[in-house]
Amino acid sequence: MEGLHTQLPEQELGTATVTRCRNLWWSLYTMDRHVSSSLGLPMTTKDSDISTLINTPSMGFHDITFSLQVRLSQMLSFILSTIYKTEKTQLGRFLEITRNILHAMAKHAEEIEKMMQISFQSSMDNVPQEMRHLILLYHQCVIVATRPLLLSVLKERLEKLGRAEEDWQKFLALPKSLISIGIKSAEKTLQILSDENGHLETFLPFDLEFTYAAALHLTMANTLYPPGTNDDTYSKSAHSILDEMIMCGNKVAEVRKDELRCIEGLFQEFAKRVQQEGLQVLTLSGRGLAEAGPDENPSQECRGQTPATEPPTFTESSAQSPSINQSLTASVNPLDNVIGISSYEFLSIVDQIGGSEMPYVLNAGLDWMDGGAIAYPFC
């Protein structure tokens, strides 16, 4: 109503007023995109209707992190509007979009790496809250982008319960590197939120929904692709984080904990059914990000084609696509342990993803605008 999403005239309102309006708008924007991804609600304003600019970052750390936070929120918006559909999607089409998303994420990863190298040591101990939130949002984008693969496998397996046969060979067509990187982001999210040196937000929705999204993702992943050992560390970490919020008076955290406990129970029953009916056990080969299956041969990539859907690019950022040499340097950087996923890992997966002519239909039932299928796959 106030037109904050439009490009306001600086000549009439003044630079200070326009700058404040921009900051206010993009703060509201990041909250809206976060709520949309967490609850499966439609976004209030389409990106195509937004004409206001992002303030050009000055040399100040706050301005730089805020600019990157806005661009990651725009990436989250792009993921929600292009990947999550009410109709089934061919795997090739999904991979085409996801490949471009990961390539853009590599650029953001390189920006974060540069900021960490300049300002901080290889530890989360001295990372300010702004940077910590930035890294969590970065991993949220990865989780949301890769979740449709898990939802698709889950729906396929649910449909096969009670039947004598299952065409489990089709699961081999799914790119395991994408599934693995989503798992890694979820694990890193809970690790950051569990850090005793970090400040856990109690009444803002961000840390709560980061926790829930990561726990839900790992619950699905560990049920569909059982690890070698019965490790429930992630579940204990998630419940511990929620308990801390509850102790501080967060009533929503109580609801989220009840929902998580309910979903974990449903997945346990699902795992028992799968075992009782003798369905094929699905595995991720060591859950390694560098292992490419037959479908993930870099030589199969259609390098000469212009993708039909590309993630947004923003001219205020001077970051370029990291070169292989730069990425190799980043891959051995100790800061990778802080960030979780380096630009090199993203580019490796981009190269591993095969061509787009794959017959597998992504059967995730992503009707997320009609009640939150993102957050509640069983409800």
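Within the group 210, 206, 171, which residue is of a type in the set (Phe, Trp, Tyr), surrounded by fewer than 24 Cβ atoms within 10 Å (Cβ to Cβ) and at pLDDT 90 or above?
From the options 210, 206, 171, the qualifying one is 206.
Go over the candidates 311, 227 one by one and state the one that is touching a His at 6+ places or on another chain (Cβ under 9 Å) and either part of a loop (DSSP other than H, G, I, E, B) or modelled with pLDDT of 50 or more (or both).
311
With the condition kept exactly as written, say whether any residue in the stretch 229-245 is more than 23 Å from the chain's Cα centre (by Cα), open to solvent by less than 50 Å² (accessible area, probe 1.4 Å) and of a type in the set (A, V, I, L, M, F, W, C).
No: zero hits.
Are there any helices (runs of 4 or more DSSP H) wholly within the stretch 6-94 with 2 or more residues that are in contact with an Asp or Glu (Cβ under 9 Å, 6 or more places away or on another chain) and open to solvent by 30 Å² or more (accessible area, probe 1.4 Å), and if so which?
Counting at least 2 such residues, we get 15-39, 61-82.
From the residues in the stretch 128-158 that are surrounded by 22 or more Cβ atoms within 10 Å (Cβ to Cβ) and among the polar types (S, T, N, Q), which one is nearest to the chain's Cα centre (by Cα)?
140
The values are calculated or read from the model by the stated rules, or taken from the named source; none is laboratory data. From a predicted model like this one, the values you see are computed outputs, not experimental measurements. For neighbour counting, all protein chains shown are included, and Cβ atoms are generated from backbone atoms with ideal geometry for every residue, glycine included. Keep in mind that these areas ignore ligands, DNA and RNA; they rest on the heavy atoms of the full protein, side chains included. Shrake-Rupley method; radii C 1.70, N 1.55, O 1.52, S 1.80 Å.
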